[in-house]
Amino acid sequence: MKRKGFVMVWTLCALSAIGILLSALTFVLHQTLSWEAARERELDEVFIAQEAMEQAKYFLRFHKGAWPGDREERNGRTYDISVKPSDYTVSDGTDSISMKEITCRVTCGNDEGVTLVTWVEEGP
């Protein structure tokens, strides 16, 4: 009789330890999946911003193609795109070149998003 109680206590301890380990494993898995989703969103933002910058540079330099759109949907999420050109003059003291500074910002929801900036010389 004494032996059966002892085995039951050890069984309960083992089940408790397994439960604690499974809950910890579930938490780690949840965090990993959350971080992966955030990295995927950030990567999409960078790719969309790069594509929008290339479109804007091509449009300003060669006056062909289309200006980048305001929104894009990718992987089930809608991204807001803001591309703004501004005049900029580069000078070395003796000569100056008129350029356009292109600022591209891509966001998804309430996150910070990504911002890229480049200069391009206007075409003929």
Item to complete: For LEU22, work out the one condition from (1) free of Cβ contacts under 8 Å to residues at least 24 places away in the same chain; (2) within 14 Å of the chain's Cα centre (by Cα) it doesn't fulfil.
Response: (2)
Fill in: Pairs, first without any contact (Cβ under 8 Å) to a residue 24 or more places away in the chain in segment 83-106, second open to solvent by less than 70 Å² (accessible area, probe 1.4 Å) and not hydroxyl-bearing (Ser, Thr, Tyr), C-beta under 6 Å, six or more apart
SER86/GLU101; MET99/VAL90
Worksheet item: If the Cβ limit is 9 Å and pairs must be 6+ apart or interchain, which residue in segment 44-62 that is more than 13 Å from GLU73 (Cα to Cα) pairs with which residue that is among the acidic types (Asp, Glu)?
Response: GLU51/GLU72; ALA52/GLU72; LEU60/GLU121; LEU60/GLU122; ARG61/GLU121; ARG61/GLU122
Discussion item. Given the options THR89, THR78, name the one that is of a type in the set (Ser, Thr, Tyr) and over 15 Å from TRP119 (Cβ atoms).
Written reply: THR78
Worksheet item: If you scan segment 112-124, which residues turn out to be part of a strand (DSSP E or B) and either touching a Pro at 6+ places or on another chain (Cβ under 8 Å) or in contact (Cβ under 8 Å) with a residue 60 or more places away in the chain (or both)?
Response: VAL114, THR115, LEU116, THR118, VAL120, GLU121
Worksheet item: Restricted to segment 5-22, and to residues that are small (Gly, Ala, Ser) and surrounded by 10 or more Cβ atoms within 10 Å (Cβ to Cβ), which residue is farthest from ASP80 (Cα to Cα)?
Response: ALA14
Practice prompt. Among residues belonging to segment 96-111 that are at pLDDT below 90 and part of a loop (DSSP other than H, G, I, E, B), point out the one that is surrounded by the fewest Cβ atoms within 10 Å (Cβ to Cβ).
Written response: ASN110
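The values are calculated or read from the model by the stated rules, or taken from the named source; none is laboratory data. Because the structure is predicted, anything quoted here is derived from the model rather than measured. Please note: Cβ atoms are built from the backbone with ideal geometry, for glycine as well, and neighbour counts cover all protein chains shown. The area values use the complete protein model at the heavy-atom level, side chains included, leaving out ligands, DNA and RNA. Shrake-Rupley method; radii C 1.70, N 1.55, O 1.52, S 1.80 Å.
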